[in-house]
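**Q** Below is one structure. I have some questions about it.
Nothing in this text is a laboratory measurement; each read-out follows from the coordinates by a stated rule. All figures in this text were calculated on a predicted structure; none of them were measured in a lab. Glycine gets a Cβ as well: all are built from the backbone with ideal geometry, and neighbour counts include every protein chain shown.
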Amino acid sequence: MKLIMENWRHHLKEQGDSFKCPHGMFVSVMLPPTKREIVILPTNNEGPTAFYRSTGSGTAGRNTEDMWLPMGGVGQHNGDPWIIKLPSSHPQAKGSKFPKEESEFWKIGKELARCYERNPFKSKDWTGYLTKFELPSYEQVEEYAGIFRITYGAMIVNHWLNSKGALKTDWQSGGIYGSVNHPVSGVEKGSGYTTDLAGLTVRDIHSMVWKNSQEQGTHNI
């Protein structure tokens, strides 16, 4: 593993002839105050795939800071939103989370790190995404659906990945936020909100917000 890290950083300064650097990225808060920078790119073997920029804080004994690693979406882990990592059973994996050296995922991650180091990607606005799909705001979801904005944010990330064909439901054995077939369980712990999340989709939440806002006499949803 140490050799993988060293080779990764050694290649950051290489110039990729065919790789096209992304112009923008979405930034999502998974566990406050930790933010994750995410892009979606096409791949030859896996179709559209999301990559996130590692903070280096979640892998004991391994310096993964600034590495771009593949992700399948946002799932539930010990009751909290958590990035769905590359599973160890995947053909491109070298253990859980890390792609094999010289695999397609590894090469893409290497080029993303090079691009970002040279010119950090601009952050896109989630508000524009919500407006595009006529989805309620974070504030409206907390007020009228009783769902924590971090939880809703996890569902929105998966909604975005799914809209691009990049949600990897087969990378997660547990619950996936916003999924009917892979429902998360119960109420988000420690959030102070009481809505049962099991099987809820983004569209379900939209209906809840509309219904409850109408009952309370609010007509701007």
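**Q** Tell me which GluC sites (Glu not before Pro) from region 100-186 have a DSSP coil assignment and no more than 14 other beta carbons within 10 Å of their own.
**A** On the way: sites: GLU101, GLU102, GLU104, GLU111, GLU117, GLU134, GLU139, GLU142, GLU143; in loops: GLU101, GLU102, GLU134.
Filter output for region 100-186: GLU101, GLU102, GLU134.
**Q** Can you put CYS115, CYS21 in order, fewest other beta carbons within 10 Å first?
**A** Starting with the residue having the fewest Cβ neighbours, the order is CYS21, CYS115.
**Q** Tell me, how many Å apart are the Cα centres for region 94-134 and for region 139-201?
**A** One Cα centre to the other: 22 Å.
**Q** I've got another one for you. Where in region 70-87 does the amide nitrogen come within less than 20 Å of the point 7 Å from the Cα of LYS132, taken along Cα to Cβ?
**A** What the label zone holds, given the 20 Å backbone N cut-off, is 71-74.
**Q** Show me the chymotrypsin sites (Phe, Trp or Tyr not before Pro) within region 117-198 that DSSP assigns to loop and that have at most 11 other Cβ atoms within 10 Å of their Cβ.
**A** Details: sites: PHE121, TRP126, TYR129, PHE133, TYR138, TYR144, PHE148, TYR152, TRP160, TRP171, TYR177, TYR193; in loops: PHE121, PHE133, PHE148, TYR177, TYR193.
Counting only loop positions with at most 11 other Cβ atoms within 10 Å, none of the chymotrypsin sites (Phe, Trp or Tyr not before Pro) in region 117-198 qualifies.
**Q** What nm distance separates the two modelled labels at ASN45 and THR201, each placed 7 Å from Cα along Cα→Cβ?
**A** Between ASN45 and THR201, the label points sit 3.2 nm apart.
**Q** Oh, and also: Placing +1 at every Lys and Arg Cβ and -1 at every Asp and Glu Cβ, with all other atoms neutral, what dipole size does region 47-206 have around its Cα centre, in debye to the nearest 20? Could you put the intermediate results ahead of the total?
**A** Working: 18 positive and 17 negative charges, 126 e Å.
Once rounded to the nearest 20, the dipole reads 600 debye.
**Q** Put +1 on the Cβ of each Lys and Arg and -1 on the Cβ of each Asp and Glu in region 125-215; which of MET155, ILE205, LEU167 then has its Cα farthest toward the positive end of the dipole?
**A** Working it through, the farthest residue towards the positive pole turns out to be LEU167.
**Q** On to the next question. Calculated FRET efficiency, LYS122 and ASN212, Cβ-Cβ r, R0 45 Å, to nearest 0.05?
**A** Working: r = 35 Å, r/R0 = 0.79.
E(calc), rounded to 0.05, equals 0.80.
**Q** Full-extension gain between VAL180 and SER163, please, as 0.36 nm times their residue separation minus the C-alpha to C-alpha distance.
**A** On the way: separation 17, 0.36 × 17 = 6.12 nm, distance 1.57 nm.
Fully extending the segment from VAL180 to SER163 adds 4.6 nm.
**Q** Considering only Cα-Cα distances, which of the following residue pairs are longer than 30 Å: LYS100/LYS164; LYS35/LYS94; LYS122/LYS211; LYS107/LYS164; LYS20/LYS94; LYS97/LYS211?
**A** Too far apart for the 30 Å limit: LYS122/LYS211; LYS97/LYS211.
**Q** What is the extension gain from GLU101 to PHE19, computed as 0.36 nm multiplied by their sequence separation minus the C-alpha to C-alpha distance, in nm to one decimal? List each step's numbers first, then the result.
**A** On the way: separation 82, 0.36 × 82 = 29.52 nm, distance 1.74 nm.
Computed gain between GLU101 and PHE19 is 27.8 nm.
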